[in-house]
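What follows is a set of notes on a single structure, which appears directly below.
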Amino acid sequence: MADASGNIPSYKGMSSDNVKGLILALSSSFFIGASFIIKKKGLKKAGASGVRAGVGGYSYLYEPLWWAGMITMIVGEIANFAAYAFAPAILVTPLGALSIIISAVLAHIILQEKLHIFGILGCVLCVVGSTTIVLHAPPEREIESVREVWDLATEPGFLFYAFLVILAVFVLIIHFIPQYGQTHIMVYIGICSLVGSLSVMSVKALGIALKLTFSGTNQLIYPQTWTFTLVVAVCVVTQMNYLNKALDTFNTAVVSPIYYVMFTSFTILASIIMFKDWDRQDPSQIVTEMCGFVTILSGTFLLHKTKDMGDGMSSLSVRLSKYSEEDGFAPEDIPLRCPESFRSP
């Protein structure tokens with residue numbers, strides 16, 4: 001709690017700024033995790049009376065509950081942005097994983113969405129892998145001007161990465177969405193994550209510009225600042241559009257962790273390319289980060305298998321119901337037979 005002067009005291013060796021950053025990061029995780037559930041409720045309500053977002057509808061734009069979810073997410077993102085102003089990334093970024101747990105718990109309580117035990121293990125592996133990568137990431141390089149960020153963004157390495165990202169997004173939108181958008185979660189989430197890696201780099205540049213401007217060095221006079229602002233706007237609109245489609249089509253408890261994992265992975269990759277982070281790392285740190293990626297892949301595999309289990313059980317239930325309706329008895333009356341070799345003597 002704050003003292004009489006309004007300052008937050010330090011706690012167990014943490015500076016007051018770090019405590020502020022910790023509180024903001026925890027608040028951000030709660031708001032972002034809750035926003036997934038509120039938006040899902042809004043999408044369901046809008047889909048009941050209009051065209052669902054998952055099949056190209058935009059009736060959710062007229063649903064107040066969806067806008068409540070959007071506002072909740074914006075509040076969370078603002079809190080997360082502010083947290084970086086007080087605490088280092090090594091403290092703030094891993095706490096973003098808490099939004100996955102909050103989203104899964106609220107989905108279980110509010111939306112009645114079930115997650116298999118292996119899905120829970122997959123979530124844990126995703127969180128551990130992402131945290132491992134973040135905790136062993138190199139410190140951010142010092143940036144003193146938005147023009148310096150622009151120079152980094154226009155180097156051949158990052159321009160090639162940006163070209164590949166834009167090309168992959170167009171291929172996913174034009175070729176894969178019509179065929180696999182309703183059945184493969186990685187299509188929508190892939191678009192959100194790829195575009196998100198570019199938006200974070202632009203957000204960072206914009207944040208640097210605002211910070212320098214507030215400190216007395218005006219960066220708003222440079223066209224690079226407004227270019228980064230435009231990129232942020234386009235990327236955020238694209239992310240929100242396809243994230244809505246993913247939430248409307250698939251289980252929230254699966255969408256949330258996969259989105260977090262892929263978004264974090266592509267963002268770290270973009271940062272490595274743009275800011276050349278690995279130049280300041282020793283081999284042990286790089287190996288540890290690779291182990292984190294393997295852990296993330298393992299968690300994502302378990303989450304996919306969990307979805308397959310759920311789909312399989314749903315299909316079995318439909319087949320049993322159809323079988324019972326055609327033959328005139330209830331599903332519970334159907335005997336479950338096993339081969340003679342599996343029976344007890």
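The values are calculated or read from the model by the stated rules, or taken from the named source; none is laboratory data. None of these values were measured; they are calculated from a predicted model. Don't worry about glycine lacking a Cβ; one is built from the backbone with ideal geometry, like all the others, and counts go over all protein chains shown.
Within the stretch 248-265, residues that are more than 15 Å from I296 (Cβ to Cβ) reach partners that are of a type in the set (D, E) with beta carbons closer than 7 Å, at six or more positions or on different chains, in the pairs N251/E113; T252/E113; A253/E113.
Can A162 be described as among the small types (G, A, S), farther than 19 Å from A270 by Cα and touching a helix residue (DSSP H, G or I) at 6+ places or on another chain (Cβ under 7 Å)?
For A162, the condition - among the small types (G, A, S), farther than 19 Å from A270 by Cα and touching a helix residue (DSSP H, G or I) at 6+ places or on another chain (Cβ under 7 Å) - is not met.
Against the conditions (1) assigned to a helix (DSSP H, G or I); (2) touching a residue at least 40 places away in the same chain (Cβ under 8 Å), Q219 satisfies every one except (1). Residue-level analysis places V171 outside the set of residues that are β-branched (V, I, T) and within 19 Å of the chain's Cα centre (by Cα). With the condition kept exactly as written, say whether any residue in the stretch 228-246 is surrounded by fewer than 19 Cβ atoms within 10 Å (Cβ to Cβ), over 19 Å from the mean Cα position of the chain (by Cα) and without any contact (Cβ under 8 Å) to a residue 12 or more places away in the chain. Checking the stretch 228-246: at least one residue is surrounded by fewer than 19 Cβ atoms within 10 Å (Cβ to Cβ), over 19 Å from the mean Cα position of the chain (by Cα) and without any contact (Cβ under 8 Å) to a residue 12 or more places away in the chain. Report whether or not D282 is of a type in the set (D, E) and surrounded by fewer than 15 Cβ atoms within 10 Å (Cβ to Cβ). Considered against the rule, which asks whether it is of a type in the set (D, E) and surrounded by fewer than 15 Cβ atoms within 10 Å (Cβ to Cβ), D282 comes out as yes.
Confirm whether K245 is over 19 Å from F266 (Cα atoms) and touching a helix residue (DSSP H, G or I) at 6+ places or on another chain (Cβ under 6 Å).
Answer is yes for this residue.
As a summary of the residue check, T132 satisfies the conditions (1) at pLDDT below 85; (2) part of a helix (DSSP H, G or I); (3) loosely packed, with under 15 Cβ neighbours inside 10 Å except for the one numbered (3).
Determine, yes or no, whether F170 is at pLDDT 90 or above, of a type outside the set (V, I, T) and exposed (fewer than 15 other Cβ atoms within 10 Å of the Cβ). The answer is yes for F170.
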